[in-house]
Amino acid sequence: MVRRIFGPVPSRRLGLSLGVNNIPPKICSYSCVYCQVGRTITLSIERRPFYDPREIAQEVGEAARRTSFDYVTFVPDGEPTLDSNLGLEAKLVRDESDRPIAVITNSSLIWLEDVYRDLLEFDYVSVKLDAVSYDVWRRLNRPHPDLKLDAILDSLVRLSKERRGTLTTETMLVDLMNTDSKELEGIADMLADIRPEKAYIATPIRPPAELWVRPPSEEKLVEAYRSFSTRLGEDNVELLNVPEPPDFVVLGEPEDYVLRTTMVHPLRLEYAERILPEGNLHKLVEEGLLATVEYEGEMFVVRRIRSRS
Ligand code: SF4
């Protein structure tokens, strides 16, 4: 029997999350160059049923009786909104599990009224916003040819006004694709219109669909963080997927604090120097764990996301 649930897995955003894989691999409306599931096999924007919604709800219900978790999250190996039963599944799963329901979507089908309505069923919606210019979007997300970026962006703003639950955004930064200042500013302006509870900035750290994909420079990561947080406030912007400190590093408390905090956002250099014992910052930079970056006259400490070669 095909099992459509996995986990629970710990998630920084959602606590302990029970995953629902409601799309067979790999059917998507995008074929992002950085996709960790590989290139899209079926590029589609046609919604259709994939599995019996009652069976999915039953699997979740069984898991809820066996184990504890905070969220049920629709996060398949493809685009969850391609499932025409998504809204019904959200309702059934909530009834069966009595837990809040989340969905991680690429947002490409949100302009379809039935998809839009389905998304309103969720307690937590994470939408993708990697680009605001047509050309960057086309090269980075490699959308189905019938998709229109303007319609997607307009619907994101509409969802932000009419949502019932939490709305967050996720922006994957890929070196030399969506990292120029004009694109970052454009994304920041769009975020200001959407006003998500949290705008997450991600970097590709798992093997991508295209091997030439590279994470952004630490300078670009800080630029994106500063640009987004200027519009939204620092508490509303966080880094995701920034490499964790390796286990073999034996850390004292201040070092551990700096390494873990810089996974979430850049720290002002002056602050890091104040809490770290003398010489330790230099040591962490030398070990390749941290990098110092200047942005608009201020110095920041960030997790090193590129290997030093
Ligand atoms: S939208 Fe998600 S699943 Fe689809 S290609 Fe992009 S990263 Fe992969």
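Here are a few things to note about the model shown:
- In segment 1-46, residue modelled with the lowest pLDDT [restricted to those that are basic (Lys, Arg) and open to solvent by 20 Å² or more (accessible area, probe 1.4 Å)]: Arg3
- Identification of helices (runs of 4 or more DSSP H) wholly contained in segment 63-181 with 3 or more residues that are under 26 Å from Asn241 (Cα atoms) and open to solvent by 50 Å² or more (accessible area, probe 1.4 Å) yields 134-141.
- Against the conditions (1) in contact with a Leu (Cβ under 7 Å, 6 or more places away or on another chain); (2) in contact (Cβ under 8 Å) with a residue 60 or more places away in the chain, Val72 satisfies every one except (2).
- Test: residue in segment 47-58 that is in a loop (DSSP other than H, G, I, E, B), of a type in the set (Ser, Thr, Tyr) and under 22 Å from Tyr116 (Cα atoms): yes
- Figure legend. Inter-residue proximity from segment 103-116: first residues assigned by TED's automatic domain parsing to the domain that holds Leu159 and at positive phi, second residues within 13 Å of the ligand (Cβ to nearest atom) and not polar (S, T, N, Q), beta-carbon distance below 9 Å, spacing 6+ or different chains. Indicated pairs: Ser107/Val127; Ser107/Lys128; Ser107/Leu129; Ser107/Ile152.
- Among residues of segment 203-239, those that are under 20 Å from Ser126 (Cβ atoms), within 16 Å of the ligand (Cβ to nearest atom) and surrounded by fewer than 18 Cβ atoms within 10 Å (Cβ to Cβ), counted: 2
- Among all residues of segment 54-62, there is none that is more than 12 Å from the ligand (Cβ to nearest atom), closer than 29 Å to Val136 by Cα and open to solvent by less than 10 Å² (accessible area, probe 1.4 Å).
- One residue alone among Pro49, Pro76, Pro24 is more than 16 Å from the ligand (Cβ to nearest atom) and of a type outside the set (Ser, Thr, Tyr), and that residue is Pro49.
- Residues that are farther than 16 Å from Ser44 by Cα and in contact with a strand residue (DSSP E or B) (Cβ under 7 Å, 6 or more places away or on another chain) occur in segment 138-156; there is at least one.
The values are calculated or read from the model by the stated rules, or taken from the named source; none is laboratory data. Owing to the predicted nature of the structure, the values given are computational and were not obtained by experimental measurement. Positions of Cβ are generated from backbone atoms using ideal geometry, with glycine treated the same way; all protein chains shown enter the neighbour counts. Calculation scope for accessible area: heavy atoms of the full protein, side chains included, ligands and nucleic acids excluded. Shrake-Rupley method; radii C 1.70, N 1.55, O 1.52, S 1.80 Å.
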